[in-house]
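The block underneath contains the structure these notes are about, expressed in C-alpha cells.
The values are calculated or read from the model by the stated rules, or taken from the named source; none is laboratory data. This structure is a prediction, so every number in the text was calculated from the model and none was measured. Ligands, DNA and RNA are excluded from the accessible area calculation, which covers all protein heavy atoms including side chains. Shrake-Rupley method; radii C 1.70, N 1.55, O 1.52, S 1.80 Å.
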Amino acid sequence: MSCAQYLALAYAGMGTGTIPWAILTINLGSIWFIMRSWQWVPLQNYRLIIPSTLVLPLIVLVVHANAPYVYQWSHTFLHADLIYALIENPTAPEEWQLAGLGTGYPWFGHLQRVLLGQVLDQSPINAYLWINPAMAFGFGVLSILVVRSVGGGPVAMLLAPILAALSTNPIGVLGRAISSSLWNGAERYHHFIGDARYDATGLKFLFLNTNQLGLILMLAMLLTILRSATNSSPKTAIPLWILFLVGIGLVYPLYLPAAATFLGAAGIMWVLDQTQTMKSRLKNVSLLYASVLLGTACTYFLVTAQTSDRVAGAGIELHVPGQIWRHGVAAATGLLIPVAAWVFALMNRGIMPREQLTFLTLAAFAAGSMAVLLHVPNFRNEYKYVMVASLCGLPFVALWSEYLWRKSKRPWALGALLLLIVAGGFATAYPRTRMYEPPFQVAFSGEDQRLTDAEGLGDALAVIRDRTEPGTPTLVAATPLHITPFTRRPVYILYDDDTYLTGLGMKTGYLLQDVKGFDPALLTSRQNRLDAFFNSEVSQDREQAYSLIRSELGEPFTVLSDNVHQPALLSWMDSRGAELLHAGQRYSVWYLE
C-alpha cells in the first residue's frame with residue numbers, strides 16, 4: 001500500500017524528499033485504527049513465542065556484520081540502480097544501464113526501498129542491512145499468525161518462524177555437504193537433491209531484492225484465506241484478495257501464477273463448505289473467479305504497459321520431458337518435511353478444519369507442480385515456486401511438530417532437532433560472509449556511497465556524481481565494477497556484454513537482452529558506437545560515433561576515459577573543446593555539450 005501511495009503522491013507532483021513524511025502522516029490514522037481493532041492476547045501466554053521471531057533477523061544481522069563485502073552480493077547493484085532511478089523519477093524510471101530508455105525490470109516493489117531508505121537517510125546498499133532484518137521479523141510474525149489460524153498451540157507457534165525460514169530442503173543441505181567431502185565429482189549430481197537457492201527460504205533476507213516482499217505478501221495472502229474458512233460470509237474478503245493479487249503481480253510478477261492458484265484453491269474450499277446452500281456456494285465462487293480474472297487482466301496490462309517496447313521478456317514455458325523428472329526429484333527432496341507432515345495431517349484429519357486442509361493441499365500441490373512443470377528461461381527462476389509450496393506446508397509441519405512434542409516421552413529430542421535446524425541454517429548462511437573479495441572498499445555518506453581505491457577511479461566517479469546534473473548520461477569503457485551506484489547517473493550502455501561486473505551477478509549482455517528484453521539490434525548498435533568512440537584509431541570513425549551517440553541521447557553527456565588504454569581519445573577531446581572535469585593519473589572525466 002505504501003508503494004501505491006508513493007506513486008500517487010509522485011504523480012501529484014510532490015517532491016521525493018517530502019513523500020515519505022507525507023505517507024507517514026497519512027497512515028497515522030490507519031495505525032491508530034489497527035491498534036484499536038486488533039485482538040490482543042495476554043503476553044504471558046506467548047512469552048516463549050516472541051523470541052522465536054528474532055531467530056531469522058539475528059542470523060541476517062550476524063551474517064551481514066561479519067561480511068566485509070556484503071554491498072556487492074548477488075544482484076545488489078542492479079537493484080540499487082532501480083532505487084536511484086526511482087528517486088530521480090518515481091513515475092517513469094530510466095534504465096540506468098541503457099540511458100534514454102525506460103527500465104526493463106519490474107520496479108513497483110522497489111518503491112518500498114526508496115521510501116524506507118529516505119526515512120533512514122541511507123543509500124540503498126547500506127539501508128537494506130537494516131530493512132531486511134525488520135522484514136524478517138515481520139515474516140516470522142506472519143508465520144505465527146498462519147499457524148494460529150489453523151488451530152496451532154503455543155509449541156506450534158513457537159516453532160513457526162524457525163520452520164518457515166529454515167525447514168526447506170534440509171536433506172539437500174546435508175547431502176551436498178556430505179557428498180562433497182567424500183567425492184570430488186559430486187557437484188555434477190547435486191541437482192537431484194534440490195536447488196541450493198532454496199536451501200532455506202529465510203536466507204533470501206540476506207540480499208537486496210524484492211523477493212522478500214513477494215514472500216511476505218504470499219504469506220499474508222495465505223493467512224487471510226485460511227481465516228476466511230471460518231468466516232460466515234467469506235466473499236467479503238474478495239476485495240482484499242484482489243488487492244493482494246494485483247500487488248503481488250506488480251511487486252514480484254513471478255509469484256502472480258501462484259497467487260492466482262491460491263484463489264483458485266480458495267474457490268474449491270468454498271464449494272466443499274457444507275454450511276451454505278449449493279446456490280450460495282456457486283454464487284460466491286463465481287464472484288471470486290470473475291474477480292481473479294479481472295485482477296489478473298489488470299495486472300497483466302500494467303506490467304506489459306511498462307515493457308511495451310521490449311522484444312523479449314522473462315517468459316514462462318513448459319519443461320521438456322527430460323527435465324520434468326529431474327525437477328520432480330529435486331522438488332520432492334526440497335519439500336520432504338512438508339510432505340511428511342501433510343501425510344500426518346491426512347492420517348489425523350481432526351488436526352485442522354477440513355476446508356483449511358483442502359485449501360493448503362491444493363495450494364501446495366499447485367505451487368510444487370509449477371516448480372516441476374514450468375521453466376523460466378532466465379536464471380531458471382522456477383525454483384521459487386518450491387518456496388511458495390513450503391509456505392503452504394508450514395501449518396502441517398508446525399502442527400506435526402507440536403504433536404510429536406506432546407506425545408514424545410523425550411521432548412528434549414525435538415528441541416535438539418530444532419537447534420539442529422537453526423544451526424544448519426546458520427551454517428548455510430555464514431559461509432556467504434566471504435563470498436567475494438574485491439580490490440576496493442566503499443565508504444557510505446547519507447544516500448550515497450563513495451568508492452575508495454588506489455588508482456583514482458573513486459575520485460573520478462565522485463566528480464561525475466557531484467559536478468553533473470542528475471540524469472546526465474555517462475560513456476564508459478571497461479571498468480572493474482558497475483559504476484552507476486557510485487555516480488548516480490545512467491550509462492549509455494554496459495561496455496562488454498561478456499563480462500560479469502561486480503554487483504550485477506550476471507553477464508551484462510545476458511542481463512540487457514534476456515532478462516530485461518531489449519532488442520539485440522539496439523544493443524549491438526550501441527556497443528559498436530561505444531567501441532568506435534573509445535578505441536578507433538581513425539579520427540573520422542570516432543567523430544561519426546560521437547555524432548550518432550549525441551543524436552540518440554539528445555543531451556550533453558560525460559565521458560570517463562582510461563588514460564592508459566585510450567591515449568588517442570584524450571587528444572580528440574582537446575580538439576573538440578570538451579570540458580575537463582577531472583584529470584587523474586589513471587582516469588579522466590570530460591563533459592561534452
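Rounded to whole numbers, the Karplus 3J(HN,Hα) couplings from phi for the stretch 90-97 are x, 9, 8, x, 7, 7, 6, 9 Hz, using 6.51 cos²θ - 1.76 cosθ + 1.60 with θ = phi - 60°, and x at Gly and Pro. Excluding residues fewer than 8 places away in the same chain, name every one of the lysines whose C-alpha is closer than 22 Å to that of Lys384. Result set, ordered by chain and number: Lys204, Lys507, Lys516. With θ taken as phi - 60° and the Karplus curve 6.51 cos²θ - 1.76 cosθ + 1.60 applied, the whole-hertz 3J(HN,Hα) list for the stretch 54-71 is 8, 4, 5, x, 5, 4, 4, 5, 5, 5, 5, 5, 9, 10, x, 10, 4, 5 Hz, x standing for glycine and proline.
To put it simply, the accessible area of the stretch 326-419 at a 1.4 Å probe is 68 percent carbon and sulfur.
Would you mind calculating the relative contact order of the stretch 40-173 from Cα pairs under 8 angstrom and at least 6 residues apart, reporting the percent as a whole number? Write out the running numbers ahead of the final one.
Details: 114 pairs, mean separation 45.1, N = 134.
Result for the stretch 40-173 is 34 percent.
Ligands, DNA and RNA left out, the 1.4 Å accessible surface of the stretch 521-593 is 47% carbon and sulfur atoms.
Rg/Rh for the stretch 508-593 to two decimals, with Rh computed the Kirkwood way over all alpha-carbon pairs. Present the calculation step by step, with values, prior to reporting the outcome.
Values: Rg = 14.0 Å, Rh = 13.9 Å.
A ratio of 1.01.
Solvent-accessible area per residue in the stretch 441-511 equals 36 Å², computed with a 1.4 angstrom probe and all protein chains kept. Its alpha carbons considered, the stretch 329-418 gives a radius of gyration followed by a Dmax of 14.8, 50 Å.
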